[in-house]
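Asker: Before I ask anything, here is the structure I am working with.
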Amino acid sequence: MRHETQHTASVLGCGAAGRLWARRFLESGWNVILFDPDPDRSAALRAELSGLGGRLTTAPTISGAVAQASWIQDCVPDRLPLKRALYQRVQGHCRPDALVCSCSRCFKLEQIRRCAMRPRQILRVTLCEETMTPVVDESPSADPDLRARAEALLRRAEPLPAHA
């Protein structure tokens, strides 16, 4: 009984990285809420990934996408001002216990957190495209308890075995 609790992930940005993260969570039985400023992009990804498992929905706003999520995955383009503005908006509407994760490969955790309301809530978690294996950043500034919680949730987000 690996999936006793139903988890919800919010994926912000429906480009290549968002597609990989949404797929990973859905294949693990998680519910996923997609947000992209381009509603056509969200709708296209929803159509592409429907039927993978979990419940897949789209939200018209960031606040609607993050309000109930236990994991919020930032997949917006790697532009630092955009990411900082995103985290301020996300943290204004998300649960205080939600994990807010960036898949940025360009910026250090310290740079991303600089304008955050709750900097310790943010982690950098990337996804290896070849294996779809998540990697939690081991930056010295990352809260060890938060990192351990993220790793535990990711173990629950391992893809479910295929049914014959």
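The values are calculated or read from the model by the stated rules, or taken from the named source; none is laboratory data. Since we're looking at a predicted model, the values are computed, not measured. Here the Cβ positions follow ideal geometry from the backbone for every residue, glycine too, while neighbour counts run over all protein chains shown.
Asker: Spot the failing condition for M117; the list is (1) under 16 Å from the mean Cα position of the chain (by Cα); (2) over 21 Å from G15 (Cβ atoms); (3) of a type outside the set (D, E); (4) part of a loop (DSSP other than H, G, I, E, B), and only one is missed.
Answerer: Every condition holds for M117 apart from (1).
Asker: Testing R105 on (1) in contact with a Ser or Thr (Cβ under 8 Å, 6 or more places away or on another chain); (2) surrounded by fewer than 18 Cβ atoms within 10 Å (Cβ to Cβ); (3) assigned to a helix (DSSP H, G or I), one condition comes back false. Which one is that?
Answerer: (3)
Asker: Pull up the stretch 76-91, narrow it to residues that are farther than 18 Å from I33 by Cα, free of Cβ contacts under 8 Å to residues at least 60 places away in the same chain and not basic (K, R), then point me to the one that is surrounded by the fewest Cβ atoms within 10 Å (Cβ to Cβ).
Answerer: Filtering first and then ranking leaves P81.
Asker: Is it the case that some residue within the stretch 81-89 is of a type in the set (S, T, N, Q) and modelled with pLDDT of 85 or more?
Answerer: Checked the stretch 81-89: at least one residue is of a type in the set (S, T, N, Q) and modelled with pLDDT of 85 or more.
Asker: Applying the selection to the stretch 124-138, what residues are more than 14 Å from C75 (Cβ to Cβ) and surrounded by 17 or more Cβ atoms within 10 Å (Cβ to Cβ)?
Answerer: The answer is V136, D137.
Asker: Please state which one of T126, T133 is under 15 Å from V100 (Cα atoms) and within 16 Å of the chain's Cα centre (by Cα).
Answerer: T126
Asker: Any chance the stretch 42-59 includes a residue that's assigned to a helix (DSSP H, G or I), among the basic types (K, R) and surrounded by 16 or more Cβ atoms within 10 Å (Cβ to Cβ)?
Answerer: yes
For every residue, the table says whether it meets (1) under 15 Å from the mean Cα position of the chain (by Cα); (2) at pLDDT below 95.
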| residue | (1), (2) |
| --- | --- |
| R24 | yes, yes |
| E27 | yes, yes |
| I33 | yes, no |
| A43 | no, yes |
| E48 | no, yes |
| T61 | no, no |
| D74 | yes, no |
| C94 | yes, no |
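Asker: Any residue in the stretch 34-41 that is surrounded by fewer than 22 Cβ atoms within 10 Å (Cβ to Cβ) and touching a residue at least 40 places away in the same chain (Cβ under 8 Å)?
Answerer: No, the stretch 34-41 has no match at all.
Okay, residues lined up against (1) of a type outside the set (A, V, I, L, M); (2) loosely packed, with under 13 Cβ neighbours inside 10 Å:
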residue: I72; (1), (2): no, no
residue: H93; (1), (2): yes, no
residue: D97; (1), (2): yes, yes
residue: D145; (1), (2): yes, yes
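Asker: I need the full set of residues from the stretch 100-111 which are of a type in the set (A, V, I, L, M) and at pLDDT 90 or above, in order please.
Answerer: Selection gives V100 alone.
Asker: Moving on to the next point. Regarding the stretch 4-27, can at least one residue be identified that is of a type in the set (V, I, T), crowded, with 17+ Cβ neighbours inside 10 Å and touching a residue at least 24 places away in the same chain (Cβ under 8 Å)?
Answerer: Yes: the stretch 4-27 contains one or more residues that are of a type in the set (V, I, T), crowded, with 17+ Cβ neighbours inside 10 Å and touching a residue at least 24 places away in the same chain (Cβ under 8 Å).
Asker: Looking only at the stretch 130-153, how many residues end up being assigned to a helix (DSSP H, G or I) and touching a residue at least 40 places away in the same chain (Cβ under 8 Å)?
Answerer: So the answer is 4.
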